[in-house]
Amino acid sequence: MQNEPFFRIDGDHYVPTPASRGPWNPNSLHGRVIIGLLGHEIERLYGGPEYIPARLTVDMYRLPDLSPVEVTTRVVRDGYRIKVIDAEFVSGGVSAGRATCQLLRRTEATTGTVWKPETWDAPKPADIPVPQDPRMGMGGMWAMRPITGAFGTVGPRKTWMSEVRELVEGRPLTPFTRVAVAADFASPFANAGDKGLEYINTDITVYLHREPATEWVGFEVINHGSTDGVGIGECLLYDEQGPIGSAACCALAQKRAAG
């Protein structure tokens, strides 16, 4: 990956680059990099091949600026079969978000048959033409291969997404980091309507029964609901081999700041 990373390391801090700017305010971070960095740091410090990060929940309660970031962590439970880790996102000395991650130990698979929804019938990313619309992928923030539906339309939506840059300079993306930094897309994908995106998500929860085996993550919108300016959105997640989990978010009605 030759594109500018989202963060560079400076001692104990992560320094945001211009690539990390979000859509709501030109002087603030994108939610996806907050989620991604919290997940990345938890996995880096507490993960391992014998565990799968089965759930990551991130609360985002302040829109951080481009100040240097520190991530602090706390072990809630360090058991043989389950680990629970808390992490806090501190921007410029101010807390802006927090995460809880549940890591479950891999074990012998069960043998029974359990009902599950049919896997989406989607073409592979390599078989989908590169979209010419510069709005796809937010001007190059990520690569996209749309399958069904698009922003500005009302109806079912499916798409492939792939990261085009490192989250932290010099640290290759792991499968879990790839999902964590992409998961925020569940909000705009599920909550955008015929007048564009009018909701800013305040959290994200990702559930994984396995990590992606390929660089492409598929999103399929399965739910949106809103009342009195409070919304929710949900997506199923896939890789090129099949389903991997889901992502869900809460959101508030929001207007963009002037650029």
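Extension gain, Asn223-Ser95: 0.36 nm per intervening residue step, less the Cα-Cα distance, totals 43.0 nm.
Within the chain, the longest segment free of exposed loop sites, counting chymotrypsin sites (Phe, Trp or Tyr not before Pro) that fall outside DSSP classes H, G, I, E and B and have at most 11 other Cβ atoms within 10 Å, spans 116-259.
Rounded to the nearest 500 deg cm²/dmol, what is the calculated helix-only ellipticity per residue at 222 nm for the chain, with -39500 (n - 2.57) per DSSP H run of length n ≥ 4? Walk me through the numbers before you get to the answer.
On the way: 3 runs with 30 residues, N = 259.
About -3500 deg cm²/dmol.
Taking label positions 7 Å along the Cα-Cβ direction at both Val76 and Ala253, the computed distance is 3.3 nm, reported to one decimal. Karplus-derived 3J(HN,Hα) values for segment 61-70, using 6.51 cos²θ - 1.76 cosθ + 1.60 with θ = phi - 60°, are 10, 8, 7, x, 7, 9, 5, x, 10, 10 Hz; glycine and proline are entered as x.
Would you work out the charge dipole size for segment 1-146 about its Cα centre, treating the Cβ of every Lys and Arg as +1 and the Cβ of every Asp and Glu as -1, and quote it to the nearest 20 debye? Before the final figure, lay out each step's value.
Working: 17 positive and 17 negative charges, 56 e Å.
Here segment 1-146 has a charge dipole of around 260 debye.
Extension gain, Phe151 to Asn3, is 50.8 nm, computed as 0.36 nm per intervening residue step minus the present C-alpha separation. For segment 103-208, the list of trypsin sites (Lys or Arg not before Pro) that fall in a loop by DSSP and count at most 12 other C-beta atoms within 10 angstrom reads Arg106, Arg135, Lys195. The label point for Thr214 and the one for Thr119, both projected 7 Å from the Cα toward the Cβ, are 1.0 nm apart. Each residue of segment 25-30 was assigned a 3J(HN,Hα) from its phi angle through the Karplus curve 6.51 cos²θ - 1.76 cosθ + 1.60 (θ = phi - 60°); the sequence is 8, x, 10, 10, 7, 6 Hz, with glycine and proline shown as x. When the charge dipole of the chain is built from unit charges on Cβ atoms (+1 for Lys and Arg, -1 for Asp and Glu) and taken about the Cα centre, the candidate among Met161, Ile232, Val206 whose Cα reaches farthest toward its positive end is Ile232. Rounded to the nearest 20, the Cβ-based charge dipole of segment 123-259 about its Cα centre (Lys and Arg +1, Asp and Glu -1) stands at 220 debye. Each listed q (0.14, 0.23 Å⁻¹) maps to a log10 I(q)/I(0) for segment 145-242 from the Debye sum over equal C-alpha point scatterers, namely -0.54, -1.25.
Pull out a ≥ b ≥ c, the square roots of the eigenvalues of the alpha-carbon gyration tensor of segment 212-259, then state rounded if a/c is under 1.5, prolate if not and a/b is larger than b/c, and oblate in the remaining case.
Details: a/c = 4.46, a/b = 1.90, b/c = 2.35.
Oblate is the answer for segment 212-259, as a/c is 1.5 or above yet b/c matches or exceeds a/b.
Against the set (i) 17.3, 50; (ii) 23.1, 73; (iii) 17.7, 56, the structure's computed Rg and Dmax of the Cα atoms in Å falls on (iii).
Counting other Cβ atoms within 10 Å, keep those with at most 14, restrict to DSSP loop, and tell me which trypsin sites (Lys or Arg not before Pro) in segment 11-92 are left. Let's see the in-between values first.
Details: sites: Arg21, Arg32, Arg44, Arg55, Arg62, Arg74, Arg77, Arg81, Lys83; in loops: Arg62, Arg81.
In loop regions of segment 11-92 (DSSP not H, G, I, E or B), the sparsely surrounded trypsin sites (Lys or Arg not before Pro) are Arg62, Arg81.
If you take all other residues with their beta carbon under 13 Å from the beta carbon of Thr202, and give Lys and Arg +1 and Asp and Glu -1, the sum is -1.
Since every read-out is calculated from the coordinates, none of them should be taken as a lab result. Here the structure is a predicted model, which means the values were calculated and not measured. Every residue, glycine as well, gets a Cβ built from its backbone with ideal geometry; the counts of neighbours run over all protein chains shown.
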